[in-house]
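Working notes, beginning with the structure itself.
Where a number appears in this text, it was derived from the coordinates with a stated rule and is not lab data. This one's a predicted model, so the numbers in the text were calculated from it and none came from an experiment. Ideal geometry is used to build each Cβ from the backbone, glycine not excepted, and the neighbour counts take in all protein chains shown.
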Amino acid sequence: MAVVIDTLSNKNPRSAGGRHPEKAHRPDNDIQRKPDWIRVKAPVSREYQATREIVRANKLHTVCEEAACPNIGECWSKRHATMMIMGDTCTRACAFCNVKTGLPGALDAEEPANVARAVATLGLAHVVITSVDRDDLADGGAEHFAQVINAVHATSPGTSVEVLTPDFLRKEGAIETVMAAAPEVFNHNLETVPRLYLHIRPGARYFASLRLLEKAKELRPGGFTKSGLMVGLGESREEIMQVMDDLRAARVDFLTIGQYLQPTKKHAKLERFWTPEEFAGLESVARAKGFLMVSASPLTRSSYHADSDFAELKAARAAKAPGALA
C-alpha cells in the first residue's frame, strides 16, 4: 500500500476564490469538456469511504483532495493516499496548480512523529511524502523533510519512502540535508518544457530543477530519482524529447507523463488533450532513451501506483548487469 499524506485544508478544489488571490485579475480561460478516455467514476466505494475515515481520524489531509486528482476514487479504494507536509499554503503561484497560495504558518514540530504514526497505523509498504513550496524558510523545509523521513524509517523500518520535493531554489545545502536521510526515491517534477517556465512555473528555473535531480543522484547513487511532466500546455513533441534527453543526462531513473487538467477558469489554459495513442508513443520513446521506468497516460500523476512502480523499478535495475546503476 502507498500513501501520500499532506496537511492541507480543502475547502473547494474546483473554485479559485480566495485560494488563489494572485490569479483573481487574470482573464478567464474556458474549461474544455473532457474526452471519453479521461472520464472517471465518482468515488463511492466502501473502501474509499474507509480510507477517507482513516485520513480524517488521524487529522490528515491529502494532496489527492487538494489538487482535485482524478484518480482519487481508484487510489483510495485501494487504501492509497498521498501526504503533504509543512502546511496547506504554498509560497509560489504556479499557473497550473490548485494548492492554496499565500503566507504559510509555522512548521508543526509534531508533524514528523504524526506522519510516522499514521504510516505505521495504515501499515504502508511504500509512502509518498510531498510538500508545498516554503520559500519563507531558510532551508526551504529541507530539515523538516529529513525529520519526517527519519521518523518513518525509525517507526516502520520495512517501509520505503518516496519524497516529492520543491526545488529548494537558492537554499544552500538543502538537497544534501534531504538526501542524508536516505529516501529510497527522490522525486522532483520538471512539470513542463523550458520555453513555458516563465508562464507556468514563474518562481522556478528549469536548469536549477534539472541540477537538483542530478545532485540527488550524485549524493545517493544507489537510490532512485524520478521526475514528471504535464502535457497539454502548448508544448511540442520535440520539446518533450529534449526534456527526456536532459533528464537522462542527469541520470534520472523514472519518468511520469500525464495530461494537464485545468482546475479553474483562472488557471493556465488547457491547449489540447493528448490521446492515449500519443501517450503510448511518448512512453515508447522514453524507454528507448534508457529510463528504467516510464509511466505515460492521460491519468498518470507523480504518485499514481507509486508502490507497485517502486517494485518494478527495483526489478528493472536488478535485470541490468550486476552492480549497474542507471
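Relative to the present Cα-Cα distance, how much length would full extension add between residue 287 and residue 318 at 0.36 nm per residue of separation?
My answer for the length gained is 9.5 nm.
Placing +1 at every Lys and Arg Cβ and -1 at every Asp and Glu Cβ, with all other atoms neutral, what dipole size does the range 133-289 have around its Cα centre, in debye to the nearest 20?
On the way: 20 positive and 23 negative charges, 51 e Å.
Dipole about the Cα centre, nearest 20: 240 debye.
Filter the chymotrypsin sites (Phe, Trp or Tyr not before Pro) in the range 288-323 down to the DSSP loop ones having no more than 15 other Cβ atoms within 10 Å, then list what survives.
Working: sites: 291, 304, 310; in loops: 291, 304.
When the chymotrypsin sites (Phe, Trp or Tyr not before Pro) of the range 288-323 are filtered for loop state and at most 15 Cβ neighbours within 10 Å, nothing remains.
Using amide H atoms built 1.01 Å from N in the peptide plane, name the residues 5+ places from residue 85, or on other chains, whose amide H lies under 5 Å from its own.
Those lying under 5 Å, H to H, from residue 85 are 7, 130, 131, 132.
If the limit is 28 Å between Cα atoms, which of 226/269; 215/269; 23/289; 171/265; 34/215 go over it?
On the way: 226/269 26 Å; 215/269 33 Å; 23/289 38 Å; 171/265 33 Å; 34/215 38 Å.
From the list (226/269; 215/269; 23/289; 171/265; 34/215), the Cα-Cα distance tops 28 Å for 215/269; 23/289; 171/265; 34/215.
Tell me, rounded to the nearest percent, the portion of alpha carbon pairs in the range 171-298 spaced more than 21 Å apart.
40 percent
For the range 197-253, what is Rg from Cα atoms divided by 2.2 N^0.38 Å, rounded to two decimals?
Working: Rg = 12.2 Å, N = 57, 2.2 N^0.38 = 10.2 Å.
With N residues counted in the range 197-253, Rg over 2.2 N^0.38 Å equals 1.20.
Semi-axes of the equivalent ellipsoid of the range 93-218: what are they in whole Å, largest first, if each equals the square root of 5 times a C-alpha gyration tensor eigenvalue? Intermediate values should be presented prior to the final figure.
On the way: eigenvalues 132, 53, 38 Å².
Computed over the range 93-218, the values are 26, 16, 14 Å.
Relative contact order (percent) for the range 235-326, with alpha-carbon contacts under 8 angstrom and 6 or more residues of separation?
Values: 81 pairs, mean separation 31.0, N = 92.
Computed over the range 235-326, the figure is 34 percent.
Could you work out how far apart the two model spin labels at residue 241 and residue 24 are, taking each label as a point 7 Å from the Cα in the direction of the beta carbon, and quote it in nm?
That separation, rounded to one decimal, is 4.6 nm.
Mind listing P(r) for the range 264-304? All alpha-carbon pairs, 10 Å bins, whole percents.
26, 43, 25, 6
Starting at the first residue of the range 274-288, write each ³J(HN,Hα) from the Karplus equation 6.51 cos²θ - 1.76 cosθ + 1.60 with θ = phi - 60°, in whole Hz, x for Gly and Pro.
7, 7, x, 5, 5, 4, 4, x, 4, 5, 4, 5, 4, 5, 5
From zero outward in steps of 5 Å, how is the percent of C-alpha pairs of the range 223-279 spread across the bins?
Final binned percentages: 4, 17, 25, 21, 17, 11, 5, 1.
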